[in-house]
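So the structure is just underneath, and the comments pick up after that.
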Amino acid sequence: AGFRSLAMKRLWLIFAQTVTISLAVYFVVSTLKPEWMAHPAPNGGIVQVLQSAGSGEAPKSAASYSDAARKVLPSVVHIFTTQTPRQPRHPLMDDPLFRHFFGERFGEKFDDDRQRASGLGSGVIVSSDGYVLTNYHVIEMADAIEVALNDGRKLKATVVGSDPETDLAVLRIAAPAGQETRFTPITLGRMDGVRVGDVVLAIGNPFGVGQSVTMGIVSALGRTQLGINTFEDFIQTDAAINPGNSGGALTDAAGNLIGINTAIYSRSGGSLGIGFAIPVSTARTVLEQIIQNGNVTRGWIGIEAQEITPEIAESFGL
């Protein structure tokens, strides 16, 4: 019995030492040479055996929004406007004698009473037949509007209608004869699924450098009393929005439109992480009314003061 007990004890010690040494070798190799712990996958690749410590899950790659950006980019356009402000005509240019002696010398200075000013912004294609949604302040007072598409085409645009109260406008573009007349519209999202903290992408043409994509989150919803529009219900975001982004798209992480980028809070003219976008719910309503009627009609409720004339007093039995 004593011999048998001694033998069992020796076997147990050998087993314990073997396990201890094996575990030590495993941890040393997994720390210094983790590639030795991999084995070929059926498709010829490498499958990592080790997992994240304590997580119980395989490591995940960093998130990418390239699919959403690729979906949206063909639907976002650059808008270039030209304004021709009138200047007072120099009174001496109406004098024939003055024009006879000085007209050619000062013609450029006095006779040309038109100076051209250019502006830029962004817009979003909302239908395959060429309707474009943008900000009203982008095309306000413009004499000519040109839209540059993602594929490099530049097309003339006409104003279908505008709504200064919400700072929205609808344009229409059409390709010349012989060119592709179908356009890639953006997918309109829904506001009822948008929450504070959701990832968003801002797409536009900041500072005229070209089409750009920035990423952030929804910082707040229902921002009002900012003094920007008559009707305010803004999405606030920290996605970088700069001059030239106005009228561009604010999308969710799947590439669905949830807002039209409109304004920023800035002391320097650049992004400080506080940007505002018009919700897609408002933009959709304005878009539909402008396409159908050319303008937006709203109902009002309230009271109006009026003097009581004898006729009015009689009609009310006063």
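Observations
- Selection status of ILE203, in contact (Cβ under 8 Å) with a residue 24 or more places away in the chain and open to solvent by less than 20 Å² (accessible area, probe 1.4 Å): yes
- Only listed residue being modelled with pLDDT under 90 and either under 25 Å from PRO243 (Cβ atoms) or not polar (S, T, N, Q) (or both), chosen from GLY161, GLY193: GLY193
- Subset of the range 150-174 [touching a Phe, Trp or Tyr at 6+ places or on another chain (Cβ under 9 Å) and either open to solvent by 20 Å² or more (accessible area, probe 1.4 Å) or free of Cβ contacts under 8 Å to residues at least 12 places away in the same chain (or both)]: LYS154, VAL160, SER162, PRO164, GLU165, ARG172
- Residue count, the range 95-141 (criterion: at pLDDT 90 or above, of a type outside the set (Gly, Ala, Ser) and in a strand (DSSP E or B)): 7
- Of the residues making up the range 175-194, just one is surrounded by 15 or more Cβ atoms within 10 Å (Cβ to Cβ) and assigned to a strand (DSSP E or B), namely LEU188.
- Filter result for ILE241 (closer than 23 Å to SER64 by Cβ and surrounded by 13 or more Cβ atoms within 10 Å (Cβ to Cβ)): yes
- Residue among ILE235, ILE312 that is closer than 26 Å to TYR131 by Cα, open to solvent by less than 70 Å² (accessible area, probe 1.4 Å) and at pLDDT 90 or above: ILE235
- Residue check, GLY197 assigned to a loop (DSSP other than H, G, I, E, B) and either free of Cβ contacts under 8 Å to residues at least 24 places away in the same chain or open to solvent by less than 20 Å² (accessible area, probe 1.4 Å) (or both): yes
The values are calculated or read from the model by the stated rules, or taken from the named source; none is laboratory data. This one's a predicted model, so the numbers in the text were calculated from it and none came from an experiment. As a convention, Cβ positions derive from the backbone with ideal geometry for all residues, glycine included, and neighbour counts pool all protein chains shown. These area figures cover heavy atoms from the full protein model, side chains too; ligands, DNA and RNA do not enter into them. Shrake-Rupley method; radii C 1.70, N 1.55, O 1.52, S 1.80 Å.
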